[in-house]
Every structure is written in C-alpha cells, then in structure tokens.
Amino acid sequence: MRRLPRKDVVIVGLGWTGAIMGYELCQAGLQVVALERGPWRDTASDFNIGTAPDELRYAIRNELFVRPSQDTVTARNTPDQTALPIRRWGSFLPGNGVGGSGVHWNGHTWRFLPSDLNIRSHYKERYGEGIFPENHMIQDWGIGYDELEPYYDKFEYLCGIAGQAGNIKGQIQPGGNPFEGWRQRGYPTPPLKMQLNQDLFTKATTELGMHPFPLPAANMSQAYTNPLGVTQAPCTYCGFCERFGCANYSKSSPQTTILPVLMRHPGFEARTECEVMRVLMSPDGKTATGVTYIDAQGQEWEQPADLVILAAYQLWNVRLLLYSGIGKPYDVSTGEGVVGKNYAYQANSSVNGFFDDKLFNSWAGAGALGMTCDDYQGDAFDHTGLNFVGGANINGTTFHARPISARPVPPGTPRWGSAWKKATRDNYNTSTNVGSQGSVMSYRDCYLDLDPTYKDRLGRPLLRMTFDFKPNEERMSAYVTEKMVPIMRAMGAKHIVASPKKGPWSVVPYQTTHNTGGAIMGDNPRTSAVNKFQQTWDVPNVFVLGASAFPQNAGYNPTGTVGALAYYAADAIKGQYLKNPGQPLVQA
Amino acid sequence: MTTPRGTRRRFLFATTALMGLVGTATARTIEGLPWTSNEVYPPPEARPGPWLFLTADEGAAIEAIVDRLIPADELGPGGKEAGCAVFIDRQLAGPYGRADGVYMQGPFPPNPLPTQGFQSPLTPAQAYRKGLAGLAAHVARNFGGRKVPQLSPEELDRLLTALEKREANSPEFNGGEIFDLIHNNTMEGFFADPIYGGNRDMVAWKLIGFPGTRYDYRDVLAKTGTRYTMPPVSLLGRPEWRRVGARG
C-alpha cells in the first residue's frame with residue numbers, strides 16, 4: 001500500500017452530500033479530496049440529447065447504476081431465512097459515479113413534517129404509547145424542524161426548486177401545502193406547467209375537500225441561476241428523468257448546481273474509479289487517520305486525512321462503518337448496538353384508472369411533475385382508532401410513458417396475442433394513475449449487517465438486508481389507497497384498479513430507491529450511531545451523511561432532507577468543529 | 001459497418017463494463033472541469049442479417065414464437081417483421097447475453113424464496129441455449145416429431161399457453177422459464193428504440209402513439225388532452241431522413 005500526502009478532509013462519494021460538504025469545507029479554506037468509485041459524469045459528455053432518450057439502455061439495462069458484479073446486497077425478509085444476493089437490481093437502483101443518485105432521480109424535493117422529526121414523542125403525547133406497532137424501534141431524530149429550516153431553504157435555493165409555498169412564517173398561503181412546516185420564504189421558482197392528469201386530480205381532490213398543491217420539483221419551470229452562479233435551463237418535459245441523466249441542464253443535480261464551481265476550487269480534487277476499502281483508525285480506536293482505497297488498476301493507496309466524511313449511498317455508508325469497526329454493530333438477538341439498526345424503506349401504492357374519452361399524453365412529463373395532497377401524510381390527520389403510525393402523500397404525477405415499462409392494460413388482459421395488442425393500443429394513452437408514497441417505521445428485525453457467505457469482487461462480505469413490510473405499513477397503505485379510489489372515480493375513470501402495498505417485500509419489481517437508516521441520528525449514543533450533526537459518537541472526526549441517518553422513513557422522498565442535513569452538518573463543522581477539532585459536538 | 005466512432009464507443013463501453021476487474025480503465029484525478037471522459041455515443045445500430053448468437057434452428061423457432069406473441073393483424077406487423085428475433089439475437093450476442101454486470105458468484109441454492117428474485121447460474125445466452133433445446137425436445141415429443149416453426153398458428157398458441165401456465169414443465173424442461181425470457185425480451189425488442197433491431201420503422205410506437213425521442217414537449221403542455229399528431233422519431237432519426245439508396 002502506498003501512502004499519499006495528507007489532506008485536511010477526505011470525502012467518500014461525490015454525490016449530493018459529498019459535493020455539498022466538499023464545497024462548504026473548501027470555502028472554509030480546507031484542502032479536500034473526494035474519492036468516487038464510479039466514473040466522472042457530466043452533462044456535455046455523458047447525457048447527450050442524441051443518446052439520452054434510450055429506455056432500453058438506461059431504464060432497462062440500468063447503465064447509470066452500480067453493477068451488481070461490483071457491489072450488491074443480500075436480501076431476506078426475516079432473520080431466520082438465508083439471505084441471497086440481489087444479482088440484478090429490481091426493488092431499488094443504487095447510483096454510480098459522480099453525482100450519485102442526484103443524477104438519476106426524479107426531483108421530488110420535500111421537507112419532512114415537523115412531527116416526522118419528533119415522531120416518537122409527538123405520537124406518544126397525542127395518542128399514548130399504545131399507538132406504536134409491535135417490535136417497533138421508532139425514535140426521535142434528535143433535531144427539531146426549526147433548527148433544520150434554514151438548511152432546507154439553502155438546499156432548495158441551490159437547486160432552484162419549483163413549487164408553491166403553503167406556509168410562510170406561519171401564514172398559510174393559498175395554493176400551497178397547508179400542512180407543511182413553516183418556511184422563511186417562497187420557493188425559488190414557480191410551479192411547473194401541469195398536464196391533464198394534474199388538472200383532473202386538482203379538481204377531484206378539491207371537490208373531495210382535500211388540499212392539492214404542486215409537487216415541489218427539481219425540474220426547472222424557468223431558467224434559474226443559483227447562489228453559486230450556476231444556471232439551469234427550463235425543462236422541456238421530455239419524459240426521460242428517473243434513471244436518466246438530464247441532457248438539458250433542467251434537473252438539479254450536483255452537475256447542474258455545484259460541481260461547476262467546486263471542480264474549479266483550488267482546494268478541491270476528485271479521484272474517480274477509486275473504491276474506498278475502509279476508514280483507518282488510530283491504535284486506540286478513537287480517531288480516524290484516513291482511508292484506504294483501490295484504484296482502477298487494483299493498486300491500494302492510503303489517503304491520510306484529519307477529517308473523514310462518509311458521503312456514499314446509504315447502504316455503502318453503513319457497510320464502510322461495519323468494515324472499519326466504527327460504532328458497535330447492531331445485534332438483532334439483543335437489540336443492542338447501533339450500526340445497521342433501523343433499516344427502513346418506503347411503502348408506495350397506486351390506483352390505475354382506465355378512461356374512454358381522455359388523452360393523457362403521459363410521455364410529455366417531468367420527473368416531479370405533479371399535484372399532491374398531504375391530507376393523509378404523517379400526522380396531518382387524526383390517527384385515533386386507525387391502528388397505525390405514519391401516512392403518505394397522494395399524488396397525481398406525469399413523469400413518463402416509456403413504452404417498454406409503461407403499458408397499463410386492464411386486469412384480465414392476456415399477456416400476448418392479438419387481444420393483448422389491441423388492449424395495449426387502446427389503453428396506452430387513455431389511462432393514468434394516482435400514487436401514494438408512504439412512510440415505513442423502524443422495527444427490531446429490519447436491519448443491515450454483513451453477510452456470512454457472499455463476497456464482493458474485492459473479497460469483502462456483502463451487506464445483508466433483512467426487511468419486510470409490517471402490518472402497520474400494510475394498514476397505512478390500505479387506508480390511504482382507499483382514499484385514492486374516490487379521487488380516481490371523480491377524475492372520470494371507467495375502470496379502476498387499486499394496488500395497496502402488501503408484504504412480503506420482494507427484490508424483483510422496482511419500488512423505490514429510498515433506502516434509509518443503518519447509521520441513524522439521535523440524542524443518545526446507546527440508541528444512535530451519529531449525533532444530530534451526523535458526527536459518529538465513537539469517532540469524532542468521522543461524519544456520516546445521507547439517508548443512513550434517518551431513524552425511520554417518512555412519506556416523502558428523502559433528497560430534500562438529505563440535502564438539508566448535509567448543510568446542517570457542514571455549518572456545524574465550519575462553525576464549531578474546526579475551532580476544536582477531534583472533539584464531539586454533542587456530549588454523550 | 002463499423003465507423004471509427006462506433007469502434008471508439010465500443011471500446012469505451014467494454015472498458016466501463018470491465019472496470020475494476022482488469023486493468024484497462026484508468027483512475028483519474030480531476031481538477032477543473034474536464035470536457036470529455038465517458039463520452040457518450042449511441043449504441044451501434046443492429047441490422048438484419050445472419051444470426052450472431054442463435055443457430056438456424058433456434059432463430060427459426062424464435063421467429064415463429066415472436067410472431068405469435070405479437071401477431072401480424074389488422075393493427076399492424078407482427079413480432080417477426082418488427083425485428084424482435086433480430087433484437088433477441090443481438091442482445092444475446094452482447095453484454096446482456098453474457099450477464100455482464102450481473103452478480104454471478106455462488107453458491108446458488110436450489111430453492112430461493114420467490115421474493116429473492118433471479119438466482120440462476122446461467123447467463124441469458126446459456127438460458128436460451130438450454131431452454132430452446134428443451135423446447136425443441138418437448139415439441140418433438142408432443143407434436144409428432146416436428147419442430148417449432150412447423151407448427152400451425154393454433155398449435156403454437158396452444159404450446160405457448162401451456163408454457164406460460166407452467167403446464168409443460170417437467171424435471172428436464174422448465175417451460176415457464178424460457179417462456180418468460182422470450183416474452184420479456186420480445187416486448188423489450190418491440191418497444192425499444194429501433195436502433196436495437198426491433199420496433200422496425202417504429203411500428204410499435206406508431207401502434208400506441210409514443211412520439212419517441214422528440215425531447216421537447218412544451219407545446220404539448222400548452223394544449224393538454226389533445227391528440228398529438230407529429231410522427232415519432234428514434235435515435236436513428238426517421239426513415240425518410242435517410243439518403244435515398246442508403247441501407248436501412
């Protein structure tokens with residue numbers, strides 16, 4: 001192993017959180033190196049209008065995602081089963097390369113509800129201890145919404161999020177989300193133009209007494225120049241967002257918001273195709289001294305650094321902690337330990353509607369084009385007597401109609417032959433969908449650890465995922481989906497098919513890349529891996545960013561909260577940690 | 001025909017696929033904004049012609065099957081004319097057929113849970129070879145010594161229905177598995193961009209009304225709910241854009 005010159009900071013992974021932290025720490029005058037195991041990617045060279053709208057290549061063969069042959073996880077539903085590797089991605093799609101998941105996302109950019117962050121104490125106070133499901137591990141985040149608000153704002157203005165505020169400094173705004181937490185000002189750009197689905201959804205939900213508002217979108221409704229001076233272009237509604245890089249500079253990503261400035265910063269350097277093996281520790285195990293990584297030639301390097309930032313995808317952050325011996329691994333038999341605990345996911349559902357007389361043209365869409373209702377989100381509604389914790393947003397979205405994957409036909413239609421062909425033709429443009437995105441709570445037997453059998457290409461144990469949808473989530477999804485059917489009926493569908501989320505969780509159909517937990521934040525080192533600044537309790541010069549910090553998942557896409565927490569951690573490092581390096585920011 | 005551009009693209013594609021396994025790719029230190037790296041190119045166009053992976057018998061069987069899965073009828077051409085068999089052959093001859101990028105390390109337990117998904121040690125190319133051999137034997141046994149392409153449309157439909165419903169499965173022959181593979185790849189080929197060899201002349205996109213890769217639909221958002229009348233465009237452009245006398 002060859003040893004490189006010391007840096008102030010080494011960042012593992014150059015996606016959203018790595019780019020945000022890299023920029024903030026470079027601005028503080030530090031020398032920063034980011035190690036990214038995937039390739040360099042940029043709009044001009046990698047996401048070309050002449051090649052980007054290729055469903056087979058990007059959405060079916062998964063070109064932008066990490067190859068399972070390079071890294072995957074093993075999966076099972078319960079601890080008594082034998083986990084097997086996910087050999088081809090299905091349920092979720094971890095990103096790869098510079099930009100990470102910020103390249104291939106749809107752009108739904110949410111703030112969690114204030115009551116999502118203190119969920120345990122909030123529900124306990126409102127409903128009593130009896131509301132919590134069996135074997136739950138639901139915890140407060142250790143941070144309040146008011147503390148996080150300025151950082152949500154900062155991330156939204158970095159991205160230029162298109163939306164309509166619902167609550168500015170406590171004043172409810174017409175057309176916005178009346179259930180959202182307060183915000184200091186409106187969104188940086190106005191909402192996107194809406195499609196037929198959204199027009200019908202808005203009318204239907206309004207008639208039903210709900211409160212529709214535009215889904216906050218990282219797709220540009222107009223040109224926008226962010227505070228770093230980086231400009232994005234208006235979205236053209238091409239319908240190739242999720243699983244694709246945007247060829248049009250219209251979807252907020254590290255590439256379109258921050259890398260053009262960061263890459264030219266004299267304090268910054270990125271090394272691509274370099275896979276970090278582990279965090280190196282001092283002999284007493286109290287301080288990280290850097291990381292080791294393997295480059296594309298197979299050469300191993302030591303990169304010494306004073307500060308180590310884990311900014312990989314949620315799964316890989318947890319795995320690096322386990323490899324490095326940072327934090328006590330979670331033990332399902334005792335419930336003790338913190339690294340790997342509280343793995344959670346998202347419980348989504350849909351209601352398909354088949355119409356006679358409407359042309360939805362759903363191929364003209366954007367990743368986050370939609371109208372939403374939060375009437376059944378989080379604790380925005382009364383859970384008394386409902387026997388579940390959590391909720392979901394209800395969406396009418398139009399984000400694509402790519403024909404290999406989006407060809408709904410009514411149940412009972414054959415899968416092939418002339419009858420299939422006719423039904424496919426008749427329904428392709430005359431059907432639409434209402435969806436819900438639901439919370440998933442944390443449970444004692446849903447967790448991440450290292451697999452005893454399967455190894456990655458470098459001989460390291462794969463991460464093992466033990467997860468299932470529990471009765472609490474099935475009841476939540478059934479309740480919310482039942483609220484979606486009348487919406488679809490009011491929209492005018494002739495035939496309606498409702499699909500609430502049900503277990504067992506399967507690795508096969510795509511569901512969502514909203515994996516959370518495993519290195520959760522909190523106010524107690526016995527029950528969390530990191531403090532509210534995402535600093536590890538045990539090793540103060542290691543910070544772990546991203547959705548791995550979520551103690552359970554809310555009914556929203558994670559990126560807005562991931563970005564806000566990264567800015568929050570960066571401020572704490574700049575304002576507090578660097579004055580007294582190596583010290584915990586929160587006393588245990 | 002291989003253009004210099006195509007050659008370079010293939011080289012880059014191969015490098016990316018093998019990244020980290022052999023020493024062909026180069027780790028890079030990046031300061032400033034590089035203009036090129038993984039320069040992106042369209043895939044090489046798959047054209048009709050001799051099979052690259054399938055044998056003559058296998059190719060004939062696939063052609064017969066894709067033409068029943070997607071029959072030629074009053075709505076338009078069938079799977080064979082649309083190029084679905086060409087698509088499948090070219091996919092099997094390439095990275096997909098080799099299971100590039102798929103996690104293929106053992107052990108492979110015999111009875112995975114249905115929730116654990118794909119757990120076969122066979123690459124798609126190997127699964128086709130084995131499945132089509134099993135299918136040929138099954139057909140010879142059950143249809144008087146004949147081959148798949150010699151069956152009538154009604155007999156083929158009966159065969160495919162039995163495969164789909166797992167009624168033809170035996171210890172030697174997993175008929176359901178080969179049916180699902182062919183069905184899935186046929187649909188991919190029919191609806192994918194024509195550059196991959198299926199969906200010839202965008203027949204599938206014309207059938208359902210998908211405009212393809214037009215990229216800018218701001219005009220559609222200005223008049224929602226109305227019929228879109230512009231013809232589809234693929235990564236290859238439109239057939240009439242090609243020079244008169246040019247191939248394809």
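For region A:302-394, a crude dipole built from +1 on the beta carbon of Lys and Arg and -1 on the beta carbon of Asp and Glu, taken about the Cα centre, is about 300 debye to the nearest 20. Ordering B:Cys84, A:Cys373, A:Cys26 by the number of other Cβ atoms within 10 Å of each residue's own Cβ, fewest first, gives A:Cys26, A:Cys373, B:Cys84. Placing pseudo-labels 7 Å out from each Cα toward the beta carbon at A:Ser45 and A:Asp284 gives an inter-label distance of 4.5 nm. Placing unit charges on the Cβ atoms of the charged side chains and taking the dipole of the protein assembly as shown about its Cα centre, the candidate lying farthest along the positive direction among A:Gly517, A:Gly582, A:Trp40 is A:Trp40.
Indicate the gyration tensor shape class of region A:61-150 (rounded, prolate or oblate), computed on the Cα atoms with a ≥ b ≥ c the square roots of the eigenvalues: a/c under 1.5 is rounded; otherwise a/b larger than b/c is prolate and the rest oblate. Verdict is oblate for region A:61-150.
Where the centroid of each part is defined by its Cα atoms, how far is region A:494-508 from region B:71-137 in Å? Region A:494-508 and region B:71-137 have Cα centres spaced 26 Å from each other. The phi-based Karplus calculation (6.51 cos²θ - 1.76 cosθ + 1.60; θ = phi - 60°) puts the 3J(HN,Hα) values of region B:126-132 at 5, 5, 5, 4, 5, x, 6 Hz, whole numbers, x for Gly and Pro.
Explain nothing, just the number: dipole magnitude of region B:185-248 about its Cα centre with +1 on each Lys and Arg Cβ and -1 on each Asp and Glu Cβ, in debye rounded to the nearest 20.
Numbers: 10 positive and 6 negative charges, 44 e Å.
In debye, rounded to 20, region B:185-248 gives about 220.
Taking the 0 to 90 degree range and rounding to the nearest ten, how far is the long axis of helix A:418-428 tilted relative to the main principal axis of chain A, both from C-alpha atoms? Value to nearest ten degrees: 80. Taking amide H as placed 1.01 Å from N in the peptide plane, A:Val291 has its amide H under 5 Å from the amide H of A:Leu280, A:Gln303, A:Ala305, each at least 5 places away in sequence or on another chain.
I need B:Tyr228, A:Tyr577, B:Tyr128 ordered by Cβ neighbour count within 10 Å, fewest first.
Details: B:Tyr228 19, A:Tyr577 22, B:Tyr128 25.
Sorted ascending by nearby Cβ count, the order is B:Tyr228, A:Tyr577, B:Tyr128.
For chain A, the longest principal axis of the alpha carbon atoms and the long axis of helix A:145-159 meet at an angle near 80°. Shape of region A:263-332 from the C-alpha gyration tensor: prolate (a/c of 1.5 or more and a/b above b/c, with a ≥ b ≥ c the square roots of its eigenvalues).
Only four residue types carry charge here, +1 at the Cβ of Lys and Arg and -1 at the Cβ of Asp and Glu. Report the dipole size of region A:136-216 about the Cα centre in Debye, rounded to the nearest 20. Walk me through the intermediate numbers first.
Details: 6 positive and 9 negative charges, 64 e Å.
So the dipole magnitude of region A:136-216 works out to roughly 300 debye.
For region A:91-196, the residue among A:Leu148, A:Gly163, A:Gln195 whose Cα projects farthest onto the positive side of the dipole built from Cβ charges is A:Gln195. Annotation: the residues A:Ile131, A:Ile143, sorted from fewest to most other C-beta atoms within 10 Å of their own C-beta, follow the order A:Ile131, A:Ile143.
Sequence-ordered 3J(HN,Hα) estimates for region A:286-292 from the Karplus curve with 6.51, -1.76 and 1.60 and θ = phi - 60° stand at 9, 9, 7, 10, x, 9, 10 Hz, glycine and proline given as x. Of the beta bridges in the protein assembly as shown, as assigned by DSSP with both residues counted there, near 65 percent are antiparallel. With a Förster radius of 30 Å applied to the C-beta separation of A:Val485 and A:Arg444, the computed FRET efficiency comes to 0.35. How far is the Cα center of region A:21-97 from the Cα center of region A:341-404, in Å? Each part's Cα centre sits 25 Å from the other's.
Take every Cα pair under 8 Å whose residues are at least 6 apart in sequence, average their separation, divide by the length of region A:1-151, and the relative contact order is 21 percent.
Using the average count of surrounding beta-carbon atoms within 10 Å as a protection proxy, the listed peptides A:87-100, A:244-257 rank, highest first, as A:244-257, A:87-100.
A cut-off of 5 Å between modelled amide H atoms, ignoring neighbours fewer than 5 places along the same chain, links A:Gly555 with A:Gly378, A:Gly391, A:Ser439.
Quick one: grab the alpha carbon gyration tensor of region B:67-222, order the square roots of its eigenvalues as a ≥ b ≥ c, and give me rounded if a/c is under 1.5, else prolate or oblate depending on whether a/b is larger than b/c. It comes out oblate by the Cα gyration axes. For region A:535-542, putting each phi into the Karplus relation 6.51 cos²θ - 1.76 cosθ + 1.60 with θ = phi - 60° gives couplings of 8, 5, 5, 8, 10, x, 9, 10 Hz, in residue order, rounded to whole numbers and with x for Gly and Pro.
R0 = 51 Å: FRET efficiency of B:Thr226 with A:Gln184, Cβ-based, nearest 0.05? If you can, show how the numbers build up before the last one.
Numbers: r = 41 Å, r/R0 = 0.80.
About 0.80, to the nearest 0.05.
Among the listed pairs A:Lys251/A:Lys470; A:Lys470/A:Lys494; A:Lys421/B:Lys206; A:Lys422/B:Lys206; A:Lys483/B:Lys165; A:Lys169/A:Lys341, which have their C-alpha atoms separated by more than 24 angstrom in this model? The partial results should precede the final answer.
Working: A:Lys251/A:Lys470 35 Å; A:Lys470/A:Lys494 33 Å; A:Lys421/B:Lys206 12 Å; A:Lys422/B:Lys206 13 Å; A:Lys483/B:Lys165 35 Å; A:Lys169/A:Lys341 36 Å.
A:Lys251/A:Lys470; A:Lys470/A:Lys494; A:Lys483/B:Lys165; A:Lys169/A:Lys341, as the Cα separations exceed 24 Å there.
Cross-link partners for A:Lys579 among the aspartates and glutamates, with Cα-Cα distance under 18 Å and sequence neighbours closer than 8 places in the same chain left out: A:Asp8, A:Glu24, A:Asp306, A:Asp571.
Lys and Arg at +1, Asp and Glu at -1: add these up for the other residues within a Cβ distance under 13 Å of B:Val139 and post the number. Charge balance in the 13 Å sphere: +1. Taking GluC sites (Glu not before Pro) across region A:93-168, the ones in a DSSP loop with at most 16 further Cβ atoms lying within 10 angstrom of their Cβ are A:Glu134. Note on chain A: dipole from Cβ charges, positive end direction compared against A:Leu310, A:Asn177, A:Gly239; the farthest Cα belongs to A:Gly239.
Laboratory data are not the source of any read-out in this text; all were calculated from the coordinates shown. This one's a predicted model, so the numbers in the text were calculated from it and none came from an experiment. Neighbour counts are summed over all protein chains in view; Cβ atoms, including those assigned to glycine, are modelled from backbone coordinates with ideal geometry.
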